[in-house]
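First the structure, in the form of structure tokens, and then the observations on it.
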Amino acid sequence: MQSKLYISSPINALLEGFYRDDITMDMLREKGDFGIGTFNNLDGEMIALNGCFYQLDLDGNAHPVQGRMKTPFATMCHFQPSLTEEVIEPLSYDSFQNQLSRILPSDNMFYAIHITGSFQSVETRSVPRTENYRPLSEATGDQKIRHFQHLEGHLVGFYTPSFVPSINVPGYHFHFIDNSFSAGGHLLRCEPEHLDIRLQIFYSMELDLPKTLDYLTASFVRDAQKDIEKAER
Ligand code: ZN
């Protein structure tokens, strides 16, 4: 069984507004049963759990994906957790992040994180369908936020070390889906009440580089770190 983290494209390409690539959902399935990402033209947030892939649309409603749908950015793995932790006290969003940081054995590794839990509140976003070359930090300005209260659901996500911001979102990046797999989005905030946390550590990763003309002719000279903060937090 693979224990490699798979990243379909460096996030720098997405930050520049390259929203089309040729990686299909069928190709992602070969890379793992667990992951998050987006779709070509930022058409919704993607979440994969136990091999089931969903598209979370602009309103936060979940739809099963078609195998031929494509993504410009996704992170996947075959999920095999080696660490588990239970949190049984209500947490603010800040203390939730602190709890996670306490659990990570090192800040300098990649992790896949699956959290099942009950939440007092969850705030998610989805981004509207967007044409190429509009910078991501601008596109997310039109995001739609959805508020959930008193529900159970799943957080699927990854932790990326701070030294590879051009490859993936540094720190935590979660997508949420409710227990009935009907709604969710990119996590902005949450107030958990009870959490079961499962963690997988990665010592290596596989990175695909896009073969699109946009990517091949791009110049990645500017520091896109600020854009990540604006687009993903
Ligand atoms: Zn996201």
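The values are calculated or read from the model by the stated rules, or taken from the named source; none is laboratory data. For clarity, every value in this text was computed on a predicted model and none was experimentally measured. Note: ideal-geometry Cβ built from the backbone for every residue, glycine included; neighbour counts use all protein chains shown. Side chains are part of the model used for accessible areas, which takes the heavy atoms of the whole protein and leaves out ligands, DNA and RNA. Shrake-Rupley method; radii C 1.70, N 1.55, O 1.52, S 1.80 Å.
At a glance:
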item	result
Complete set of residues in segment 93-146 that are open to solvent by less than 80 Å² (accessible area, probe 1.4 Å) and in contact with a helix residue (DSSP H, G or I) (Cβ under 8 Å, 6 or more places away or on another chain)	113, 125, 127, 128, 130, 132, 135, 136, 137, 139, 140
Residue selected from segment 163-180 under the condition of a type in the set (Ser, Thr, Tyr) and more than 18 Å from residue 6 (Cβ to Cβ), by the criterion nearest to the ligand (Cβ to nearest atom)	172
Residue satisfying all of: in segment 36-61; over 12 Å from the mean Cα position of the chain (by Cα) and charged (D, E, K, R); least open to solvent (accessible area, probe 1.4 Å) among these	57
Residue among 214, 227 that alone is among the charged types (D, E, K, R), farther than 25 Å from residue 32 by Cα, within 16 Å of the ligand (Cβ to nearest atom) and surrounded by 17 or more Cβ atoms within 10 Å (Cβ to Cβ)	227
Subset of segment 1-30 [of a type in the set (S, T, N, Q) and either free of Cβ contacts under 8 Å to residues at least 40 places away in the same chain or part of a loop (DSSP other than H, G, I, E, B) (or both)]	2, 3, 8, 9
Unmet requirement for residue 162, which otherwise passes all of (1) small (Gly, Ala, Ser); (2) open to solvent by 60 Å² or more (accessible area, probe 1.4 Å); (3) free of Cβ contacts under 8 Å to residues at least 12 places away in the same chain	(3)
Check on residue 206, within 27 Å of residue 22 (Cα to Cα), at pLDDT 95 or above and open to solvent by 40 Å² or more (accessible area, probe 1.4 Å)	yes
Residue match in segment 49-61 (condition: touching a residue at least 24 places away in the same chain (Cβ under 8 Å), touching a strand residue (DSSP E or B) at 6+ places or on another chain (Cβ under 7 Å) and at positive phi)	yes
Selection within segment 56-92 - part of a strand (DSSP E or B), closer than 18 Å to residue 29 by Cα and touching a helix residue (DSSP H, G or I) at 6+ places or on another chain (Cβ under 8 Å)	70, 71, 74, 76, 77
